[in-house]
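Single-structure report; data block below.
The values are calculated or read from the model by the stated rules, or taken from the named source; none is laboratory data. These numbers come from a predicted model, not from an experiment. So basically every Cβ, Gly included, is an ideal-geometry build from the backbone, and we count neighbours across all protein chains shown. Keep in mind that these areas ignore ligands, DNA and RNA; they rest on the heavy atoms of the full protein, side chains included. Shrake-Rupley method; radii C 1.70, N 1.55, O 1.52, S 1.80 Å.
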Amino acid sequence: MPFGEQPAYLRVASDLRKKIADGSLPPHARLPSQARIREEYGVSDTVALEARKVLMAEGLVEGRSGSGTYVRELPAARRVSRTGYRALGECTPFRQEQSDERVRGTWESQSEQEDASADIADRLFVERGDRVMRTRYVFHVDGDPVMLSTSWEPLAVTGRTPVMLPEEGPLGGRGVVERMAAIDLVVDNVTEEVGSRPGRAEEMTALGGVPGHAVLVIARTYFAGKRPVETADVVVPADRFKLAYHLPVK
């Protein structure tokens, strides 16, 4: 194969992708059958099948049992605004993850203790197996699930304090900054790493998506000085949301 020449299945997928983009194959239209692709492009059944698989992996089409493969209607990407950390006062877990005041949301949560995995121990500067409080959140906007978050807090920091359970006690349902201030820890910096990966089955079930479709993962850690006091993985569907960062200039 000459340098730079695409395999046949990618050329077919590229042409079908263009037709989806320009509206020749509009949302809900049936994708040409495998036999039709074979005839139209002069390729083998294997090439036609692989081209369809590429479009399905990209989330552009979806299979319907007993009916065929159809072009998906992709929603316009909504913005998730990030601002690092918020100052004290009236910061809920939802507002902590979506700082746009125009967006109103609710959340469900569940907390339980567990042993820190190697990854979480590394992020919290604790030993593997140390006890942490894990809290899982599902965030909703207009009744629809839009975001997941799993947070971990070291019980060496919060254990036996009024803020040990993030959603209970006198500061239940407040943000990390305010809760930590209640135990004399001043959160003064935060790190975030953004990546992507295929969505896991349980995540996409909760978010109303298709397993395997791409999600954005924000790995966030709050610090009081050099001490991590909370770390979290925030998951949003990549085909429905984009991240917008508002960072102060110093």
Note to self: Between residue 244 and residue 24, what is the label-point separation in nm under the 7 Å Cα-to-beta-carbon projection?
What the structure shows: 3.5 nm
Next item on the list: For n ≥ 4 DSSP H runs only, could you compute -39500 (n - 2.57) per run for the chain, divide by its residues and tell me the 222 nm figure to the nearest 500?
Entry: -7000 deg cm²/dmol
Notebook entry, point to check: So what is the relative contact order for the chain, in percent, with contacts set as C-alpha pairs under 8 Å and at least six apart?
Noted result: 17 percent
Notebook entry, point to check: How many percent of the accessible area of the range 172-219 is carbon or sulfur, using a 1.4 Å probe?
Noted result: 53 percent
Notebook entry, point to check: Residues with amide H under 5 Å of residue 59's amide H, sequence separation 5 or more or different chain, H placed in the peptide plane at 1.01 Å from N; which?
Noted result: none
Next item on the list: Using Cα pairs closer than 8 Å and at least 6 residues apart in sequence, work out the relative contact order for the range 101-250, in percent.
Entry: 20 percent
Item checked: Gyration tensor (alpha-carbon) shape descriptor, the range 87-210, a/c threshold 1.5 -> oblate
Notebook entry, point to check: Ordered by residue, what ³J(HN,Hα) values in Hz, to whole numbers, does the range 53-69 give under the Karplus form 6.51 cos²θ - 1.76 cosθ + 1.60, where θ = phi - 60° and Gly and Pro are x?
Noted result: 5, 4, 5, 5, 5, 7, x, 7, 9, 9, x, 10, 3, x, 10, x, 10
Next item on the list: Please work out whether the range 174-250 counts as rounded, prolate or oblate from its C-alpha gyration tensor, where a ≥ b ≥ c are the square roots of the eigenvalues and a/c under 1.5 means rounded, while otherwise a/b larger than b/c means prolate and anything else oblate?
Entry: prolate
Checklist line | Cut-off 18 Å, label 7 Å out along Cα→Cβ of residue 197, residues of the range 111-155 by amide N | finding: 116-124, 135-137, 147-152
Next item on the list: Could you list the trypsin sites (Lys or Arg not before Pro) in the range 45-118 that lie in coil according to DSSP, counting only those with at most 11 other Cβ atoms within 10 Å of their Cβ?
Entry: 102
Check: Between 70, 137, 41, which gets the highest mean-square fluctuation from a Gaussian network model of the chain, Cα cutoff 10 Å?
Finding: 41
Item checked: DSSP loop GluC sites (Glu not before Pro) with at most 14 other Cβ within 10 Å: longest gap in the chain -> 169-250
Checklist line | Alpha carbon centroid spacing (whole Å) that separates the range 38-70 from the range 166-244 | finding: 36 Å
Check: Between residue 39 and residue 83, what length comes free when the chain is fully extended (0.36 nm per residue of separation minus the Cα-Cα distance, one decimal in nm)?
Finding: 10.6 nm
Margin query: I'd like to check one number: the per residue accessible area of the range 144-250, probe 1.4 Å, reported in Å² as a whole number.
Written below: 48 Å²
Notebook entry, point to check: How much length is gained on full extension from residue 219 to residue 62, taking 0.36 nm per residue of separation minus their Cα-Cα distance?
Noted result: 53.5 nm
Check: Using modelled backbone amide H atoms (1.01 Å from N, in-plane), which distant-in-sequence or interchain residues come within less than 5 Å of residue 147's amide H?
Finding: 139
Margin query: Per residue of the range 206-222, what does 6.51 cos²θ - 1.76 cosθ + 1.60 with θ = phi - 60° give for ³J(HN,Hα)? Whole Hz please, x for Gly and Pro, Karplus curve as stated.
Written below: 5, 9, x, x, 9, x, x, 5, 5, 10, 8, 10, 9, 8, 10, 9, 8
Checklist line | Carbon + sulfur, % of accessible area of the range 90-163 - ligands and nucleic acids excluded, 1.4 Å | finding: 43 percent
Margin query: If I take R0 = 41 Å and measure r between the Cβ atoms of residue 102 and residue 11 in this structure, what FRET efficiency does the formula 1/(1 + (r/R0)^6) give, to the nearest 0.05?
Written below: 0.40
Next item on the list: Report relative contact order for the range 207-250 in percent, whole number only (criteria: Cα-Cα under 8 Å, sequence separation at least 6).
Entry: 36 percent
Notebook entry, point to check: So, with +1 on the Cβ of K and R and -1 on the Cβ of D and E, and no other charges, what is the size of the charge dipole of the chain about its Cα centre, to the nearest 20 debye?
Noted result: 640 debye
Checklist line | Spin-label proximity, residue 92 to the range 141-162 - amide N less than 19 Å from point 7 Å beyond Cα toward beta carbon | finding: 141-151
